[in-house]
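The values are calculated or read from the model by the stated rules, or taken from the named source; none is laboratory data. All of these numbers come straight from a predicted model, not from anything done at the bench. Heads up, the Cβs are rebuilt from the backbone with ideal geometry, glycines too, and the neighbour counts pull from every protein chain shown.
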Amino acid sequence: MRKKILIIDDDINIRENIATLLSEEGYDVISAKDGKIGIKMAKEEIPDLILCDILMKGIDGYDVLEDLSNDNLTRMVPFIFLTAKVEMDNIRLGMRLGADDYIVKPFSSDDLLKSIETRLRKIEGYKSEPVDSEESSKSERYLIDDKIFARIDGTPVLLKVNDILLINAENQFTSVRTTDGKTYTLRRSLAHWEESLPQKNFLRIHRGTIVNTNYLVKIEKWYKTSLLVYLKDIKEPLVISKRYATKIRKNFL
């Protein structure tokens, strides 16, 4: 099946050039001339991947990403920024908001195509893998002092609930980081963890992240209505999107 790609860019020449390139490579292409139209088209069309400029009038690329990240239909669509901005802070901002890649203009056709192919292969790999048998059954509810039995690469492991520092998700898989610095990849969705873990200790802060609030070090205001959260033993702060910021402010600020 042909993959559908949405291009969001206010430069008509860039939109048309990319559209021509992708069409010749066998992709179905749709495009939007600004962020507002791009958000609407993404929610109506549900593309397989989105290419989006950052510097646009009105709704910029960061706003587009945050809006789509907060919608269940579009939050897992791979998102690649196209931009002339090369400062490290801009790259970090995009990645913290959940961008999958960041391509600097001007870019070569090969670089763009390779990035697209990589992201599409990755998401297809997740879709094709079977879900853990525990996932398909009714989720067990854990207490903070419980231990979770998991099988990782065929090896049984006991994870202490309170030792889970944060959980990052992509589709049905999750990457679980523990307080001892280890990371485990499990075939369990973020929804599974959100339902199973004690809500007074674990909080969803973004489309694909749950954190253990016992290890919160600091929360500070950040881009527009978003917040940054700092966790113990993790250098880089994590973004709390505006969808979840209200709950954070109510409980922690």
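A few notes on this one:
- Just one of the numbered conditions (1) assigned to a strand (DSSP E or B); (2) out of contact with any Leu (no Cβ under 9 Å at 6 or more places or on another chain); (3) among the hydrophobic types (A, V, I, L, M, F, W, C); (4) under 24 Å from Lys122 (Cα atoms) is not true of Leu158: (4).
- When the helices (runs of 4 or more DSSP H) confined to the range 20-104 are screened for residues that are outside the structural domain of Val239 (by TED's automatic domain parsing) and in contact with a Lys or Arg (Cβ under 9 Å, 6 or more places away or on another chain), those reaching at least 3 such residues are found at 61-69.
- Condition check for Thr183: among the hydroxyl-bearing types (Ser, Thr, Tyr) and touching a residue at least 12 places away in the same chain (Cβ under 8 Å): no
- Subset of the range 21-56 [polar (S, T, N, Q) and at pLDDT below 95]: Ser23
- Within the range 195-205, not a single residue is basic (Lys, Arg), over 22 Å from Leu68 (Cα atoms) and buried (at least 17 other Cβ atoms within 10 Å of the Cβ).
- Of everything in the range 210-238 that is modelled with pLDDT under 85 and outside any loop (DSSP other than H, G, I, E, B), the residue that is surrounded by the most Cβ atoms within 10 Å (Cβ to Cβ) is Leu227.
- Qualifying residue in the range 86-99 (condition: more than 16 Å from the chain's Cα centre (by Cα) and in contact (Cβ under 8 Å) with a residue 12 or more places away in the chain): yes
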